[in-house]
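Inspection log for the structure reproduced underneath, given as structure tokens.
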Ligand SMILES: C[S@@+](CC[C@H](N)C(=O)[O-])C[C@H]1O[C@@H](n2cnc3c(N)ncnc32)[C@H](O)[C@@H]1O
């Protein structure tokens, strides 16, 4: 067992604090280890199971529902809102290199990490402060049971998207079991209306949750599991249907900033939308079947239709946001629809603008 716990030194922590943390966390007796209130039941190396509110069988079933690969070797995984760390430690056991984040420092996470000899790296951060600059990009991001605790859920999802390389698995409380709606809607809890807890703010229906995930920058989603009040959604950053034509049969004629109509492209903020003029797209092309890829990430167009301007009828306009998580510099842009794709064009991203 690893009895020296590895601590992350944040910019605001000096060595004195680090030493105190190490002293504090290496001193746990077995009784201390299992004391306190646990959210997760975690099986420790000696077979002891921490006394979590959620039994181990339930958590293992729930882990299966995330449909992660059995072997996570070589995968970088970020667990945002890790609490006691069940999902972090389970992913690490399956080979992932894990970074765990929560907006406070749950003692139990450190107890379990010590007892398991785990190398999970912990950061005390709110999801709003999770960024590519701080944490880098991760192949898989888990964002389980956090969304409805956020006052600003779309902002939280954007930060999740920014640090996701391949896909995120997002679970949330949902309201489909209470209300039937044909519309994407979200219920607001001003105080403690949901479960008597004052830190529950929003209850989306599945349609709303799906659309928010896409609006945050993910290319596509799959509903992995739904019950009355809970859903799990897998959200990818890429399309899975690129045709790879040997000779592109669509032509990108020009790319401009959709707001300023010039060739200046801020990578974030309210002007971070591009407008692509394309020749060869069928007039029936729509937001649902046109794919846009910018800097290697798929993104949903917000507009596909006639170009407003003095251009030939055979050219359509596609407007799309710049996907979160790119850096300033050149990025490639391409589009496709069904079996036809465009050539690749390059635009130069500038540092971000303001919302
Ligand atoms: C319901 S628990 C879910 C824990 C674990 N992910 C799971 O699914 O069992 C919600 C977790 O989200 C964390 N959380 C709440 N607001 C957060 C925020 N703004 N940033 C990061 N974590 C947050 C809480 O501290 C808590 O650990």
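Every number here is computed from the coordinates shown, using simple stated rules; none is lab data. Owing to the predicted nature of the structure, the values given are computational and were not obtained by experimental measurement. FYI the Cβ positions are ideal-geometry reconstructions off the backbone, even for glycines, and counts take in every protein chain you see.
Only counting other Cβ atoms within 10 Å, I'd like 124, 341, 348, 31 sorted with the fewest neighbours first.
On the way: 124 15, 341 20, 348 12, 31 7.
With the sparsest Cβ surroundings first, the list reads 31, 348, 124, 341.
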Which of 234, 279 has the fewest Cβ neighbours within 10 Å, and the rest in rising order: 279, 234
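Using helices alone, what [θ] at 222 nm do you get for the chain, with -39,500 (n - 2.57) per DSSP H run of 4 or more residues, divided over all residues and rounded to the nearest 500?
Details: 8 runs with 68 residues, N = 355.
-5500 deg cm²/dmol, from helical runs alone.
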Compute from the Cα atoms of the chain the Rg and the Dmax, the latter being the longest Cα-Cα distance, and quote both in angstrom. 22.8, 77
Running a GNM on the chain with Cα contacts under 10 Å, which residue among 247, 164, 48 ends up with the highest mean-square fluctuation? 247
Residue span residue 126 to residue 197: 0.36 nm per residue of separation minus Cα-Cα distance leaves a gain in nm of 23.7 nm
Which of these, 176, 313, 262, has the largest mean-square fluctuation under a Gaussian network model of the chain (Cα springs below 10 Å)? 313
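Can you give the % of DSSP beta bridges in the chain that are antiparallel, to the nearest 5? Display every interim value, and only then the final one.
Values: 50 of 74 bridges.
Once the DSSP bridges in the chain are tallied, antiparallel ones form about 70 percent.
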Compute the acute angle (0 to 90°) between the alpha-carbon long axis of helix 107-116 and the principal axis of greatest extent of the alpha-carbon atoms of the chain; round to the nearest 10°. 80
Could you check the simple spin-label distance between residue 105 and residue 48, using points 7 Å along Cα→Cβ, in nm with one decimal? 2.2
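What are the semi-axes of the equivalent ellipsoid of segment 158-243, taken as the square roots of 5 times the eigenvalues of the Cα gyration tensor, listed largest first and rounded to whole Å?
Working: eigenvalues 132, 41, 23 Å².
Three semi-axes, in Å: 26, 14, 11.
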Folded to 0 to 90 degrees: helix 15-25 orientation relative to the chain principal axis, Cα: 60
May I ask you to derive the relative contact order of the chain, considering only C-alpha pairs under 8 Å and at least 6 residues apart, and to give it as an integer percent? 11
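Tally the DSSP beta bridges in segment 251-350 and give the antiparallel ones as a percent, rounded to 5. Each step should come with its number before you reach the end.
On the way: 32 of 34 bridges.
Bridges in segment 251-350 that DSSP calls antiparallel: roughly 95 percent.
How far, in nm, would the chain grow between residue 188 and residue 288 when pulled straight, counting 0.36 nm per residue and subtracting the alpha carbon separation? Could the numbers behind the result be given before it?
Working: separation 100, 0.36 × 100 = 36.00 nm, distance 2.95 nm.
Gain in length upon complete extension: 33.0 nm.
Which FRET efficiency, nearest 0.05, do residue 313 and residue 239 yield, Cβ-Cβ r, R0 22 Å? It would help to have the intermediate numbers written out before the result.
Working: r = 27 Å, r/R0 = 1.24.
It comes out at approximately 0.20.
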So what are segment 84-146's ellipsoid semi-axes, whole angstrom, largest first, if each one is the square root of 5 times an eigenvalue of the alpha-carbon gyration tensor? 18, 14, 10
In whole Å, largest first, the alpha carbons of segment 203-355 cover along the principal axes 51, 36, 28
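Set the Förster distance to 25 Å, then compute FRET efficiency between residue 332 and residue 247 from the Cβ-Cβ distance, nearest 0.05.
Taking R0 as 25 Å, the efficiency between residue 332 and residue 247 is 0.90.
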Calculate the radius of gyration of the Cα atoms of segment 275-343 to one decimal place, then report Dmax, the largest Cα-Cα distance, as a whole number, both in Å. 12.1, 35
For the chain, take the longest principal axis of its alpha carbons; what is the angle in degrees between that and the long axis of helix 56-65, to the nearest 10 within 0 to 90? 10
Contour excess over end-to-end distance, with Cα ends at residue 206 and residue 30 and 0.36 nm allotted per residue: 59.1 nm
Report the Cα centroid-to-centroid distance between segment 24-64 and segment 120-159 in angstrom, as an integer. 24
